[in-house]
Amino acid sequence: MRSAEFDEPSLDYEPSVPVMALRVDVAAREREIPVHEHRSGQLVIALRGAVSCEVPGALWMVPPQAGVWIPGGTPHSNRGTANALIFYLFVEPGAAPLPDRCCTLRISPMLSEMIQFLAGLPPVYEANGPTDRLAQVLLDQLCTMPREEMFLPMPEDARLRKISTAMMRDPSDRRTQTNWASELGMSDRTLNRLCTSLTGLSFGRWRRQLQMIVALRELSGGATVQQVAYDLGYESPSAFNTMFKKAFGKPPATYINDRFRVGG
């Protein structure tokens, strides 16, 4: 099966096939790909570990058994947790009626197996041949996958980006809204108003949503519920469980176990 370190092909050439898959194995350390874009649309899925994809205005999470769809021409950067197993699916413009904006798509077990199988085949194949017919069925299935909105508004404002970057890199950062407002040279009210105007969420809600994105990333990467709860500053795992269930509909352990079990 074709594989690579956590990197992406340049795709500067004109592909002669409608869809191409690539397997990516992340090394023992977390890896990040700088901002770039493709002419082709791109689906990013994680069979092990987790990936986050940042596009203009939003940070998207790729949990197990889901994928982030990034339309062609969209600037983006990807970050994979240590030891993640990732698959990229590149789709030529016009090859399928896929969304024209970023979104998270649930990936069925059958579709996941098809993507993995395609990644093990030569990247160039004949029209109407066996691989081409597989690719067409794959695209038909991809177009039917339900959407899941797992993203965090990420405005370009340097002050809010300073906060989100700090929390993404260090989930244990316990600075409060008051601490951040003071550090940024503004009042609590001004910071809250700024956050609401740029993200549609109060500072408290935006921070909690960011925490849930971080929690999902860490849990998918193998961290325990207790470890994530304390890293995010919760007084107890039960308090974290309550907040996670409000966000995702299930306690964290159940959510992660269900995700991985679906994939086999």
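Would you mind stating whether D157 is surrounded by fewer than 14 Cβ atoms within 10 Å (Cβ to Cβ) and either not assigned by TED's automatic domain parsing to the domain that holds W60 or not hydroxyl-bearing (S, T, Y) (or both)? No; evaluated as a whole, the condition is false for this residue. Here's a check for you: in the range 204-229, which residue that is among the small types (G, A, S) and not in a loop (DSSP other than H, G, I, E, B) is farthest from the chain's Cα centre (by Cα)? Selected residue: G204. Considered as a group, the residues in the range 170-203 that are among the β-branched types (V, I, T) and under 27 Å from the mean Cα position of the chain (by Cα) include one that is farthest from A82 (Cα to Cα), and that residue is T196. Taking the conditions (1) in contact with a Cys (Cβ under 9 Å, 6 or more places away or on another chain); (2) within 30 Å of V24 (Cα to Cα) in turn, L201 satisfies each one other than (2). Among the residues of the range 230-251, which ones are surrounded by 17 or more Cβ atoms within 10 Å (Cβ to Cβ), part of a loop (DSSP other than H, G, I, E, B) and under 21 Å from the mean Cα position of the chain (by Cα)? Selection gives L232, P251.
When I256 is tested against (1) among the β-branched types (V, I, T); (2) over 24 Å from V55 (Cα atoms); (3) surrounded by 15 or more Cβ atoms within 10 Å (Cβ to Cβ); (4) without any contact (Cβ under 8 Å) to a residue 60 or more places away in the chain, just one condition goes unmet, and that condition is (4).
Conditions (1) over 25 Å from T199 (Cα atoms); (2) not small (G, A, S), marked per residue:
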| position | (1), (2) |
| --- | --- |
| P34 | no, yes |
| I45 | yes, yes |
| R48 | yes, yes |
| I70 | no, yes |
| N78 | no, yes |
| L98 | yes, yes |
| T104 | no, yes |
| S112 | yes, no |
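The residue of the range 169-201 that is nearest to E218 (Cα to Cα), among those that are surrounded by fewer than 19 Cβ atoms within 10 Å (Cβ to Cβ) and among the hydrophobic types (A, V, I, L, M, F, W, C), is L201. Is it true that E149 is exposed (fewer than 15 other Cβ atoms within 10 Å of the Cβ), within 20 Å of the chain's Cα centre (by Cα), farther than 18 Å from A66 by Cβ and in contact (Cβ under 8 Å) with a residue 24 or more places away in the chain? No.
If the condition is being over 14 Å from A58 (Cβ atoms), at pLDDT 90 or above and buried (at least 17 other Cβ atoms within 10 Å of the Cβ), then the range 202-211 contributes only F203.
Looking at the range 97-120, is at least one residue among the hydrophobic types (A, V, I, L, M, F, W, C), without any contact (Cβ under 8 Å) to a residue 24 or more places away in the chain and surrounded by 11 or more Cβ atoms within 10 Å (Cβ to Cβ)? The answer is yes, given that some residue of the range 97-120 is among the hydrophobic types (A, V, I, L, M, F, W, C), without any contact (Cβ under 8 Å) to a residue 24 or more places away in the chain and surrounded by 11 or more Cβ atoms within 10 Å (Cβ to Cβ).
The values are calculated or read from the model by the stated rules, or taken from the named source; none is laboratory data. Model, not experiment: these values are computed from the prediction. Using ideal geometry, Cβ is built from the backbone for each residue, glycine included, and neighbour counts are taken over all protein chains shown.
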